């Protein structure tokens, strides 16, 4: 999954795989700065050329927000030229919901084939390499939540409520979930479990842990597949953070574990042997071993990693939850985190340390309006900054933070996370370490795109405003 020019042997293997799949078309795709999949379809006669040299896309595509409006101050104007999208053979997969087609996620490169600094996938890869230079590797697992809607006379409505985690809810969505499971298996994405969540028609899909770039690829694959399969069954699948005020929001929890080259957990207490590599979900925690004296149970590397994430918490909220709608989910007392704190087995905190083994952390503020490569690159950069500066996370928080008084929170030294997208994006703009890690283009241009989208959102007049103020 490296970024070197695609070798002749890799091209040959990819062509053989496409032949095996019976593919007549190859979708070459990437995630734009909004996290939205973009791509082109290449016919069989052009497979070899596309695999070896890539296909061109306008750099200007990356300057548009989710309203398809170009950020006014972006460097990606009409005169900014093109980039090459070079398929990664490791990210080649069939498309069961598009018979006759296969898909490859691409690296963005310059005309000479060298990595381009505007590529979010490359920004994440650089962080992986920075950890590798310290003898460390990571495993990452995403937990995306989504709603299934039916189309009603007044617009989308959640499918009937059967209660959270009930078998009745599984029965109602069985055909959909079976189609999703079979599709993801065929595409090389391993699902650990699926749960009916708190809201009516809400589901959570736990993806098996993988190395970071593969983990982000898997999330992109899952979201594309879930939406496509829902359309095929006459449903709408939405990952929107807060589609309706009265029902639960949809998050994107990220589980991260850190490992030495000899297989020991780098999070667990110094000298801890650790168990096998682990990433997401609440089962199969692995062996524990001794825990360090720090109240987190982490050793020096783990404390630094956690301390870095907490030190950059506000900016990480911006990278992981970058839209106006995101902050209608992140409310105190809502089961979504609103405070910059960590604790063991406490779902009211920004960072949760699951289970007794102390071998992973869960970052809980993100949602699916993020670009997973940019979000994850920011998380890794924050953790590495904490390791390098030996930041201490302090003691874990105590209590259900969403129901503590301001005085009780202040007594623990716990601060609120950003309350608006504007605050969160301002925190990203001030986070020099994270922007430097993302590179000279990705961070600054992503910020322009998201700020331009927010400026549009803030001018929209809602039905509530008309109802409340029209006759006032």
When restricted to 87, 94, the only residue in contact (Cβ under 8 Å) with a residue 40 or more places away in the chain, under 23 Å from the mean Cα position of the chain (by Cα) and within 21 Å of residue 232 (Cβ to Cβ) is 94
Out of all the residues in the range 380-390, is one or more in contact with a helix residue (DSSP H, G or I) (Cβ under 8 Å, 6 or more places away or on another chain) and part of a loop (DSSP other than H, G, I, E, B)? yes
Turns out the helices (runs of 4 or more DSSP H) fully within the range 432-472 with at least 1 residues that are out of contact with any helix residue (DSSP H, G or I) (no Cβ under 9 Å at 6 or more places or on another chain) and under 18 Å from residue 380 (Cα atoms) are 432-438
Strands (runs of 3 or more DSSP E) wholly inside the range 167-248 containing at least 2 residues that are at pLDDT 95 or above and under 25 Å from residue 124 (Cβ atoms): 191-196, 202-207
Quick one: residue 160 ticks every box in (1) part of a helix (DSSP H, G or I); (2) surrounded by fewer than 16 Cβ atoms within 10 Å (Cβ to Cβ); (3) touching a helix residue (DSSP H, G or I) at 6+ places or on another chain (Cβ under 8 Å) except a single one, so which number is it? (1)
Just to verify a result, which residue in the range 346-369, among those that are touching a strand residue (DSSP E or B) at 6+ places or on another chain (Cβ under 7 Å) and over 22 Å from residue 136 (Cα atoms), is modelled with the lowest pLDDT? 346
The condition of being farther than 19 Å from residue 355 by Cα and either out of contact with any helix residue (DSSP H, G or I) (no Cβ under 8 Å at 6 or more places or on another chain) or at pLDDT 85 or above (or both) holds, among 291, 264, 303, 329, only for 329
Is it true that residue 413 is assigned by TED's automatic domain parsing to the domain that holds residue 353, without any contact (Cβ under 8 Å) to a residue 40 or more places away in the chain and assigned to a loop (DSSP other than H, G, I, E, B)? yes
State all residues of the range 394-408 that are closer than 13 Å to residue 343 by Cβ and out of contact with any strand residue (DSSP E or B) (no Cβ under 6 Å at 6 or more places or on another chain); if no residue qualifies, say none. 394, 395, 398, 399, 400, 402, 404
Regarding residue 140, is this residue in a strand (DSSP E or B), modelled with pLDDT of 95 or more and within 17 Å of residue 219 (Cα to Cα)? yes
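The values are calculated or read from the model by the stated rules, or taken from the named source; none is laboratory data. Keep in mind that what you see is a predicted model, and the values were worked out from it rather than measured. Ideal geometry is used to build each Cβ from the backbone, glycine not excepted, and the neighbour counts take in all protein chains shown.
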